[in-house]
Amino acid sequence: MQRAVRTGTLVGRRRKGVTFLAALGGCALVVASAVPAAAHGAGGGSRYVALGDSYTSGPYIPRQVDANCARSDHNYPSIVADRLRTGLFKDVSCSGATTENMWKPQGTNGPQLDAVSRSSSLVTVQIGGNDVGFSSVIGTCVQLAPQDPTGNPCQRHYSASGVDGLTVEIARTAPKVARVLQAVHDRAPHARVLLVGYPDLLPDDGSGCAPSVPFATRDFPYLRDTGKHLNLMLRLVARWNHAEYVDTYGPTIGHDMCKPPAERWIEPLRPASPAAPAHPNAKGEEAMARVVLQRLTHGRYGH
């Protein structure tokens with residue numbers, strides 16, 4: 001237990017970072033060899049399919065068009081489709097989705113990959129957060145915060161074994177996301193495939209905002225770094241699986257859940273605007289749409 005706390009030193013962070021990158025790089029190289037290079041078509045063509053979880057679907061953002069999946073018609077895929085004037089658009093994103101739900105149904109929502117076909121010319125994917133269990137992580141961190149309000153009880157909890165458990169979960173999720181991208185390429189060999197990252201949830205400078213967001217002081221930078229690790233994993237998996245990574249973290253810095261209502265694009269645990277807790281509001285979905293559209297405009301192959 002004491003050794004786990006000491007991993008907060010600079011040397012400990014560097015070692016964990018190297019291990020994290022090595023693990024992801026290794027799994028990325030393995031899955032890359034199994035995926036043939038896909039021929040990419042032009043974005044925004046005759047058929048756009050959106051796959052993803054609640055960050056894609058937009059829970060509680062008006063107007064909700066699918067109660068089972070908490071899907072809004074003002075989420076970022078809907079905005080992208082509207083601005084591209086896409087002829088055929090299918091959004092099958094669903095709140096709570098994991099990579100398994102690409103192949104397995106969720107309530108009345110069928111397997112998301114069923115919407116992808118050879119006629120698909122653009123596919124966006126935003127998945128992985130629920131595989132890591134980030135919603136339950138937030139709940140755990142809130143519960144532990146009173147034990148040590150100025151410390152890092154959540155980080156100590158997930159590092160009790162001597163290795164950061166969330167870093168391990170992110171590494172385990174990498175091949176799952178890679179498998180999703182492989183399946184998209186198999187079903188839509190001419191589609192342009194974009195893997196969309198997650199936005200900035202907490203202050204990028206590591207500062208906190210308790211009690212508005214009730215985490216312990218030193219758990220704010222820990223959770224920020226966990227989000228960055230998740231996005232780094234997605235970037236690497238996209239690169240090695242012939243997909244384009246869309247960075248939504250950088251463009252949303254300064255609009256996290258700690259900001260005042262007029263400035264934030266991510267709602268806190270008690271939302272003031274229509275959105276799920278710790279999720280994008282309508283402004284956040286609009287911001288992600290802008291970044292996706294910029295990627296489609298500025299070329300395919302940059303990462």
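The values are calculated or read from the model by the stated rules, or taken from the named source; none is laboratory data. All values reported here derive from a predicted model rather than from experimental measurement. Cβ coordinates were reconstructed from backbone atoms using ideal geometry, including for glycine residues, and neighbour counts include every protein chain displayed.
Quick check on segment 76-93. Is at least one of its residues touching an Asp or Glu at 6+ places or on another chain (Cβ under 7 Å), under 13 Å from Ala276 (Cα atoms) and touching a residue at least 60 places away in the same chain (Cβ under 8 Å)?
Checked against the condition, which is being touching an Asp or Glu at 6+ places or on another chain (Cβ under 7 Å), under 13 Å from Ala276 (Cα atoms) and touching a residue at least 60 places away in the same chain (Cβ under 8 Å), segment 76-93 yields no hits at all.
If I filter segment 143-150 for residues that are at pLDDT 95 or above, buried (at least 18 other Cβ atoms within 10 Å of the Cβ) and not in a helix (DSSP H, G or I), do I get at least one hit? Break it down into steps so the answer makes sense when it comes.
In the first step, residues of segment 143-150 are kept if they are at pLDDT 95 or above; the result is 143-150.
Filter again for buried (at least 18 other Cβ atoms within 10 Å of the Cβ), leaving 144-145.
Right, trim to not in a helix (DSSP H, G or I) and you get none.
No - not one qualifying residue is present in segment 143-150.
Just the residues that are crowded, with 17+ Cβ neighbours inside 10 Å and over 20 Å from the mean Cα position of the chain (by Cα), please, taken from segment 65-80.
If the condition is that a residue be crowded, with 17+ Cβ neighbours inside 10 Å and over 20 Å from the mean Cα position of the chain (by Cα), then Asp66 is the only one that fits.
Filter segment 259-273 for residues that are touching a Gly at 6+ places or on another chain (Cβ under 9 Å) and in a loop (DSSP other than H, G, I, E, B) and give the result.
Scanning segment 259-273 gives Glu263, Arg264, Trp265, Glu267.
Here are Asp200, Asp204: which of them is surrounded by 21 or more Cβ atoms within 10 Å (Cβ to Cβ), under 25 Å from Pro146 (Cα atoms) and in contact with a helix residue (DSSP H, G or I) (Cβ under 8 Å, 6 or more places away or on another chain)?
Among Asp200, Asp204, only Asp200 is surrounded by 21 or more Cβ atoms within 10 Å (Cβ to Cβ), under 25 Å from Pro146 (Cα atoms) and in contact with a helix residue (DSSP H, G or I) (Cβ under 8 Å, 6 or more places away or on another chain).
Before we move on, is Leu194 within 14 Å of the chain's Cα centre (by Cα), surrounded by 19 or more Cβ atoms within 10 Å (Cβ to Cβ) and farther than 19 Å from Val132 by Cα? Steps first, answer last, please.
Numbers: within 14 Å of the chain's Cα centre (by Cα): yes; surrounded by 19 or more Cβ atoms within 10 Å (Cβ to Cβ): yes; farther than 19 Å from Val132 by Cα: yes.
Spelling it out, Leu194 is indeed within 14 Å of the chain's Cα centre (by Cα), surrounded by 19 or more Cβ atoms within 10 Å (Cβ to Cβ) and farther than 19 Å from Val132 by Cα.
Could you check segment 153-258 for helices (runs of 4 or more DSSP H) lying wholly inside it with 1 or more residues that are among the small types (Gly, Ala, Ser)? I'd like the intermediate steps shown before the answer.
Working: elements: 153-158, 165-187, 219-240, 249-252.
Qualifying helices (runs of 4 or more DSSP H): 165-187, 219-240, 249-252.
Please work out if Thr98 is modelled with pLDDT under 95, crowded, with 17+ Cβ neighbours inside 10 Å, closer than 18 Å to Leu194 by Cα and hydroxyl-bearing (Ser, Thr, Tyr). First the steps, then the outcome.
Working: modelled with pLDDT under 95: no; crowded, with 17+ Cβ neighbours inside 10 Å: yes; closer than 18 Å to Leu194 by Cα: yes; hydroxyl-bearing (Ser, Thr, Tyr): yes.
Here the answer is no, as Thr98 does not meet what is asked.
Looking only at residues that are crowded, with 16+ Cβ neighbours inside 10 Å and in contact with a Ser or Thr (Cβ under 7 Å, 6 or more places away or on another chain) in segment 107-142, which one is nearest to Leu84 (Cα to Cα)?
Ser121
Where the second residue is of a type in the set (Lys, Arg) and part of a loop (DSSP other than H, G, I, E, B) and the first is over 17 Å from Tyr55 (Cα atoms) and in contact (Cβ under 8 Å) with a residue 40 or more places away in the chain and lies in segment 98-123, which pairs have Cβ atoms under 7 Å and are six or more apart or on separate chains?
From segment 98-123, no pairs qualify.
Would you check which residues across segment 74-97 are closer than 17 Å to Val123 by Cα and in a loop (DSSP other than H, G, I, E, B) and list them?
Asn75, Arg85, Thr86, Gly87, Val92, Ser93, Cys94, Ala97
Return the pairs, sorted by first residue and then second, in which the second residue is of a type in the set (Lys, Arg), the first residue lies in segment 246-257 and is touching a residue at least 12 places away in the same chain (Cβ under 8 Å), the beta carbons are less than 8 Å apart, and the residues are 6+ apart or on different chains.
Within 8 Å, the pairs are Val246/Arg295; Asp247/Arg235; Tyr249/Lys228; Pro251/Arg290; His255/Arg264; His255/Lys283; Asp256/Arg264; Met257/Arg264.
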